[in-house]
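Let me begin by presenting the structure, written as structure tokens, before commenting on it.
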Amino acid sequence: MSRTPVRHAGVGPRRRRLLVCTAVFALLVTACGGGTSGGGAGDSASSEADSGASGGTLNIGQLAPPNSMDPAQINQAFEWYINLTYDPLIFKAADGTLEPRLAESFGFVGEGNTSFELKLRDGVRFSDGSPLTADVVRRNIEYFRQAGGQAVPFLASIATVEVVDELTVRLQLNEPDPTIAHVFTQDYLAGNMISGEILDSDPGLLAQESFGAGPYVLDADRTVPNDHYVYTPNPEYWNPDDIRWDEVTIKVMPNPNTALSALETGQVDIIQGDFTTVERAEGAGLKIESTPLVFAGLAFADRSGELMEPLGDVRVRQAINFAVDREEITAAILGEYGIASEQVVPPGWEGFNEEEFYSFDPERARDLLDQAGYGDGFELPVVTTPFASQELVVQAMADQLDEVGIDLALTSETDTARYVEQLSSGRFPAYGIGYGAQPLHLMGPGLFLPDAAVFNPRGSSDPELQRLYDEAAAASDPRRAEVERELVRWLVENAWFAPVLTFPVLFFHNDTVAGVESSPGQPISSPTSWYAAGR
Amino acid sequence: VAGLIGRRILMSIPLVLLVSLLSFLLEAIAPGDTARTILGNQFTPERYRELRRELGLDQPVLQQYWDWLGDAIHGDLGRSTLNGLEVSDEIWRRLPVTLSLIVGATVVSGLVGVALGLVSGVRGGRVGRVVDALSLVGAGVPSFWLGLVLVALLAVRWRIFPATGYAPIADGVFSWLRSLALPVSTLAVAGVAVIAKQTRDATSDVLQRPFVRSLRANGASEASVIFRHVLRNAAMPVVTVVGLVFVGLLTGTVLVESVFAMPGLGGLAVQAATRHDLPMLQGVAITFALFVVVVNLLIDVAYGWLNPKVRVG
């Protein structure tokens, strides 16, 4: 009696077939559509067959996509994406020496570091066929300044750009700038020359395509922005011997563990690693290159004690430095891949002092606090961010500072933009910091001079610090090196910061790639230097 | 059915509008903005204000939303404020990846979950308890952890599947299936657990009904009783759960696409949210909202197909 209604509600054979066909069709449609997205496991097949050894395809893994492919807009952290397509005027080699690239020669004219001349290589053409001339360099500098990207502050010292002849440019500086040559290397973006024709016609195209004089061009048709970027040799390249690969692909892999798995299985040949995966990389037998680069710890924004009176007393800031066991924190967080640090520059960098200033001495810290009148301790508001693990360091400091009576009241901003906003507002007397080393002259306006908008939010200044900075700027080596060491010593002794450790920059790669080097002189290895192992 | 579909589509319009407004407001009140993302640490207050003006971020939030909505209604979802990419192009390019993942995971969840639930419901006893236990474990395992474990074992150690990436079917069906195997498995586990549990409960319930005893008394074969009658009657709640699983997978793709470095909409949503790329985030939110609308519509149609009483109502 119940059969009829049940049968009525059921699924007949024809409908079942329809259901199955629909499901299969849905899968096929989505898959066929996928043909347009490209990339991925199928075609990033590097290494198993043709990567490296044949000089065929190089596959690079990166943790994030670039914000733009325009050299004037791109963030420095993404420089690999444009290193391949834009040759710089000056190349910073693996050991840190500055070598001619698009500029055949360069240097200061006369004394005082205020007039700098670049002589361009003859016969260089951009990938669109247009020539490199002195006037193109002048227009590039103008464009980089107008574009408002990260290169702008580095170009601030240039007063005029004079086209001396077709291949010679002279820069007159409004103040001594011993690091102006660095500004025109691959690392500081403004040296990456862009075709003059595209600057005149449609610079908007730079965000998606390449118009450089580098060894490769971006294959826009095969590139899927934010996922993978494909590069092929530039037929116009001035030095064909430096084209080492038939193709280069940069694949975006947001998860460090995923990136390492891809490296282990040969889907990519090299990645930028981090300290959380370094042990696994070691265990997998991968090659590891590392150099200490980013100092992390506390920075004091309120060095005059307007917001937080104790910080106005140098003895309190020194006490904080004495209360921290740098070796213990470094070993716990970084193991063998980091170094304890009390200076803003790592060993091997200009300005680094060999001697130790602050040993771990909680008793001395308590004495200093007593002398300053804060023997009962105080609460110190600190803004920090988990980005790049800097919060980990501050939390470790908090435990140790608690032992001497200083209570860090942490405000954690997961959003880095919000963190920057908070610390640049000057509302916090101290903040967690992670700052990548640069030539000291460039670190001044970004870190410790009064106009460092983000990292010196309350405009701390000191005549002696300014004097040392100005003297170093105008000096020639070896006097400059000596003054820079004095400057760093001043920062340490006056405890403007309480650095704890220096994070390393890490590269993991397999044995098909050679030429990957990282040194204090040049921590970030350029992909244009890599070649197939055995060639 | 046409009337049902028409009514549902009309009802979905305010829903999509509400989703677009909410996602716009949430992103607008979140700390930070695109200008800060673009400028990084090297900025001056003047340059920041100038860039905000160039990007239109200095306008009132509701004015920004109104402008965006006006363009969106005309089919223009705008361009990424970060890199200038057309939002609709980017979504269209990534849609196949996410659909492959979600449809694949839904199909796997449905087939495996129903099979397990059916066996458990019919056999009962120890088998039922085992399915219950597995469901609990499956529902509790974090997908990103499971994904990393699967990669460590099946990609890194045994080299059976690729560790990362999406291979379009144009590269070959086999490559496509291989690239989907691990992420789809990762996504499907939680769905299998939920569907198996639901199927088991629904099957046990239907098996208790008098018509089943009547069918058996009339000499119907056990296979016919189970597959033609019990499963059919147990299908309604299971279809609901399958729909919910599909919708839940939309959020699951956010993590899984990251773990497997797949160029889908989930990863795009994360990138857009972390970089305050409002037009891109709006595009993804609208796309996900449309997914939900379409899936609910399909569930309604399926109800009518499975149970004529619903269709009449």
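Some notes on this structure:
- Residue in the range B:41-49 that is at negative phi, at pLDDT below 90 and away from chain A (no Cβ under 14 Å) present: no
- Test: residue in the range A:442-453 that is touching a Ser or Thr at 6+ places or on another chain (Cβ under 9 Å), more than 29 Å from A:Thr330 (Cα to Cα), of a type in the set (Asp, Glu) and within 14 Å of chain B (Cβ to nearest Cβ): yes
- For the range B:137-149, a residue qualifies if it is under 20 Å from B:Gly113 (Cα atoms) and in a helix (DSSP H, G or I), and the qualifying residues are B:Val137, B:Gly138, B:Ala139, B:Gly140, B:Ser143, B:Leu146, B:Gly147.
- Scanning the range B:271-294 for residues that are surrounded by fewer than 18 Cβ atoms within 10 Å (Cβ to Cβ) and within 30 Å of A:Thr416 (Cα to Cα) yields one hit, B:Thr274.
- Checking every residue in the range B:140-161 against the condition of being farther than 28 Å from B:Leu250 by Cα, in contact (Cβ under 8 Å) with a residue 60 or more places away in the chain and surrounded by fewer than 19 Cβ atoms within 10 Å (Cβ to Cβ) gives zero matches.
- Residues within the range B:172-183 that are within 9 Å of another protein chain (Cβ to nearest Cβ) and under 17 Å from A:Thr265 (Cβ atoms), tallied: 4
- Scanning the range A:444-472 for residues that are farther than 22 Å from A:Pro429 by Cβ and among the polar types (S, T, N, Q) gives a single hit, A:Gln466.
- Screening A:Glu391 against (1) among the acidic types (Asp, Glu); (2) within 13 Å of another protein chain (Cβ to nearest Cβ); (3) outside any loop (DSSP other than H, G, I, E, B) leaves a single unmet condition, (2).
- Residue in the range A:508-521 that is β-branched (Val, Ile, Thr), within 21 Å of A:Arg280 (Cα to Cα) and not in a loop (DSSP other than H, G, I, E, B) present: yes
- Subset of the range B:184-201 [small (Gly, Ala, Ser), modelled with pLDDT of 90 or more and over 15 Å from the mean Cα position of the chain (by Cα)]: B:Ala196
- Checking each residue in the range A:214-265 for being away from chain B (no Cβ under 14 Å), without any contact (Cβ under 8 Å) to a residue 60 or more places away in the chain and either β-branched (Val, Ile, Thr) or buried (at least 23 other Cβ atoms within 10 Å of the Cβ) (or both) picks out A:Thr232, A:Ile243.
- Qualifying residue in the range B:204-218 (condition: in contact with a Gly (Cβ under 8 Å, 6 or more places away or on another chain) and either part of a loop (DSSP other than H, G, I, E, B) or more than 9 Å from chain A (Cβ to nearest Cβ) (or both)): yes
- Set A:Ile158, A:Ile180: member being without any contact (Cβ under 8 Å) to a residue 40 or more places away in the chain, closer than 30 Å to A:Arg479 by Cα and surrounded by 18 or more Cβ atoms within 10 Å (Cβ to Cβ): A:Ile158
- Members of the range B:78-91 that are within 8 Å of chain A (Cβ to nearest Cβ) and either of a type in the set (Val, Ile, Thr) or surrounded by fewer than 18 Cβ atoms within 10 Å (Cβ to Cβ) (or both): B:Gly84
Residue by residue, here is whether (1) charged (D, E, K, R); (2) farther than 25 Å from B:Thr37 by Cα; (3) modelled with pLDDT under 85; (4) within 15 Å of the chain's Cα centre (by Cα) holds:
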{"site": "B:Ala223", "(1), (2), (3), (4)": "no, yes, no, no"}
{"site": "B:Ala234", "(1), (2), (3), (4)": "no, yes, no, no"}
{"site": "B:Val242", "(1), (2), (3), (4)": "no, yes, no, yes"}
{"site": "B:Val245", "(1), (2), (3), (4)": "no, yes, no, yes"}
{"site": "B:Leu250", "(1), (2), (3), (4)": "no, yes, no, yes"}
{"site": "B:Ala261", "(1), (2), (3), (4)": "no, no, no, no"}
{"site": "B:Gly283", "(1), (2), (3), (4)": "no, no, no, no"}
{"site": "B:Asn296", "(1), (2), (3), (4)": "no, yes, no, yes"}
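- Any chance A:Val294 is touching a residue at least 60 places away in the same chain (Cβ under 8 Å), crowded, with 21+ Cβ neighbours inside 10 Å and in a strand (DSSP E or B): yes
Residues checked against (1) surrounded by fewer than 21 Cβ atoms within 10 Å (Cβ to Cβ); (2) modelled with pLDDT of 95 or more:
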residue: A:Ala452; (1), (2): yes, no
residue: A:Arg489; (1), (2): yes, yes
residue: A:Phe497; (1), (2): no, yes
residue: A:Leu501; (1), (2): no, yes
residue: A:Phe508; (1), (2): no, yes
residue: A:Gly534; (1), (2): yes, no
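- Pairing residues of the range B:246-271 that are at the interface with chain A (Cβ under 10 Å from one of its Cβ atoms) and under 19 Å from B:Ser109 (Cβ atoms) with residues that are of a type outside the set (A, V, I, L, M) and outside any helix (DSSP H, G or I), at Cβ distances under 6 Å and at least 6 apart in sequence or on separate chains, gives B:Glu257/B:Gly264; B:Val259/A:Asn255; B:Phe260/B:Thr164; B:Met262/B:Tyr166.
- A:Asp399 exposed (fewer than 15 other Cβ atoms within 10 Å of the Cβ) and over 15 Å from A:Pro153 (Cβ atoms): yes
- Unmet requirement for A:Ser105, which otherwise passes all of (1) touching a residue at least 24 places away in the same chain (Cβ under 8 Å); (2) surrounded by fewer than 22 Cβ atoms within 10 Å (Cβ to Cβ); (3) of a type in the set (Ser, Thr, Tyr): (1)
- Only a single criterion out of (1) more than 11 Å from chain A (Cβ to nearest Cβ); (2) under 26 Å from B:Val173 (Cα atoms); (3) within 17 Å of the chain's Cα centre (by Cα); (4) not β-branched (Val, Ile, Thr) is not satisfied by B:Ala139, namely (2).
- Against the conditions (1) within 13 Å of chain A (Cβ to nearest Cβ); (2) buried (at least 16 other Cβ atoms within 10 Å of the Cβ), B:Leu297 satisfies every one except (1).
- Per-region count, the range A:344-366, residues in contact with a Gly (Cβ under 9 Å, 6 or more places away or on another chain) and surrounded by fewer than 22 Cβ atoms within 10 Å (Cβ to Cβ): 2
- Where a residue in the range A:396-420 is at positive phi and its partner, wherever it lies, is surrounded by 15 or more Cβ atoms within 10 Å (Cβ to Cβ) and outside any helix (DSSP H, G or I), with Cβ under 6 Å and at least six apart: A:Gly405/A:Gly377
- Test: A:Phe116 is within 22 Å of A:Asp70 (Cβ to Cβ), among the aromatic types (Phe, Trp, Tyr) and touching a Leu at 6+ places or on another chain (Cβ under 9 Å): no
- Considering only residues in the range A:278-287 that are crowded, with 18+ Cβ neighbours inside 10 Å and in contact (Cβ under 8 Å) with a residue 40 or more places away in the chain, the one that is farthest from A:Val513 (Cα to Cα) turns out to be A:Val278.
The values are calculated or read from the model by the stated rules, or taken from the named source; none is laboratory data. Predicted, not measured: the structure shown is a model, and the values here were computed from it. When we count neighbours, we look across all protein chains shown, and the Cβ atoms used for this are built from the backbone with ideal geometry, even at glycine.
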